[in-house]
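Below: the structure, in structure tokens.
The values are calculated or read from the model by the stated rules, or taken from the named source; none is laboratory data. No experiment lies behind these values; they were computed from the predicted model shown. Virtual Cβ from ideal backbone geometry, glycine too; neighbours counted across all protein chains shown. Surface areas here come from the heavy atoms of the whole protein model, side chains and all, with no ligands, DNA or RNA. Shrake-Rupley method; radii C 1.70, N 1.55, O 1.52, S 1.80 Å.
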Amino acid sequence: HKAIVAAAKQRIYVTLNKRQDKNIIINSDISTEYRTNLSELHSEDILNYPKNFIFILVAILKSNIESGLDINIKSDFSDKIGLGSSAAVTVATISALCQLQYGNFDKKQIFSKSLEIINIIQNFDASGADIAASIWGSILLYRKDPFLVEKINPNLTIPIKLIYSGYKKKTTDVVAYV
């Protein structure tokens, strides 16, 4: 099935710098500093990673990077309001890792890698809609399989209002309910 997906104008920015050691130091404007070491990242421990940084740490683990990293995260919006912050930080981290390791990145590749990470953490087959919105932005016509992402007429102005309900539910809880 096709869906209409819209991206917010707010962004999450992830910058990475290689370190000479194996340490990973994450600084974020939405959480306290977190420190770990590449040797402490193991697939069997994924669900024990700190919730604030689980998407970033799994992205690092899956990237097979061999050096430590200094990571800085800046966000234009709160991770507490349900605007796809998990997808956005995953996409930003994967993009930064690809840029650091390979010098470039392909949007479809970023989508696939991000979807893999979110599926691992959430333990179900995610739609990928938040990921598509994070990568391609704008208002999109989206389908996961067979894959389709089309920007809807960029000259079209649709007044969209976002109303916060006062609480956020984890995606896994919503999917379990449905």
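Just a few scattered comments:
Every residue, every condition in (1) among the aromatic types (Phe, Trp, Tyr); (2) modelled with pLDDT of 95 or more; (3) closer than 30 Å to Leu156 by Cβ, yes or no:
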position: Ile4; (1), (2), (3): no, no, yes
position: Ile25; (1), (2), (3): no, yes, no
position: Ser28; (1), (2), (3): no, no, no
position: Lys51; (1), (2), (3): no, no, no
position: Leu57; (1), (2), (3): no, yes, no
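- Restricting Ile152, Ile139, Ile117, Ile121 to residues that are touching a Lys or Arg at 6+ places or on another chain (Cβ under 9 Å), modelled with pLDDT under 95 and not basic (Lys, Arg) narrows the list to Ile139.
- Of all residues in region 1-17, those being closer than 17 Å to Asn72 by Cα, open to solvent by 60 Å² or more (accessible area, probe 1.4 Å) and assigned to a strand (DSSP E or B) number 3.
- Scan of region 55-70 for residues that are in contact (Cβ under 8 Å) with a residue 24 or more places away in the chain, surrounded by fewer than 21 Cβ atoms within 10 Å (Cβ to Cβ), of a type outside the set (Ser, Thr, Tyr) and outside any loop (DSSP other than H, G, I, E, B), ordered by number: Lys62, Asp70
- Scanning region 71-130 for residues that are of a type in the set (Ser, Thr, Tyr) and either part of a helix (DSSP H, G or I) or under 15 Å from Val58 (Cα atoms) (or both) yields Ser85, Ser86, Thr90, Thr93, Ser95, Tyr102, Ser112, Ser114.
- Any chance Ala133 is within 27 Å of Asn64 (Cβ to Cβ) and among the aliphatic types (A, V, I, L, M): no
- For region 32-54, a residue qualifies if it is surrounded by 15 or more Cβ atoms within 10 Å (Cβ to Cβ) and without any contact (Cβ under 8 Å) to a residue 60 or more places away in the chain, and the qualifying residues are Tyr34, Thr36, Leu38, Leu41, Tyr49, Asn52, Phe53.
- Looking only at region 76-87, and only at residues there that are open to solvent by 20 Å² or more (accessible area, probe 1.4 Å) and under 12 Å from the mean Cα position of the chain (by Cα), the one that is farthest from Asp29 (Cα to Cα): Leu83
- Test result for Asp45, over 20 Å from Asn17 (Cα atoms) and over 16 Å from the mean Cα position of the chain (by Cα): yes
- Look at (1) at pLDDT 90 or above; (2) within 23 Å of Lys74 (Cβ to Cβ) and you find that Gln20 fails only one, number (2).
- Contact map, region 138-162: first residue over 14 Å from His1 (Cα atoms), second residue modelled with pLDDT of 75 or more and outside any strand (DSSP E or B), Cβ cut-off under 7 Å, separation 6 or more or different chains; pairs are Ser138/Ala7; Ile139/Ile152; Lys151/Trp136; Lys151/Ser138; Pro154/Ser138.
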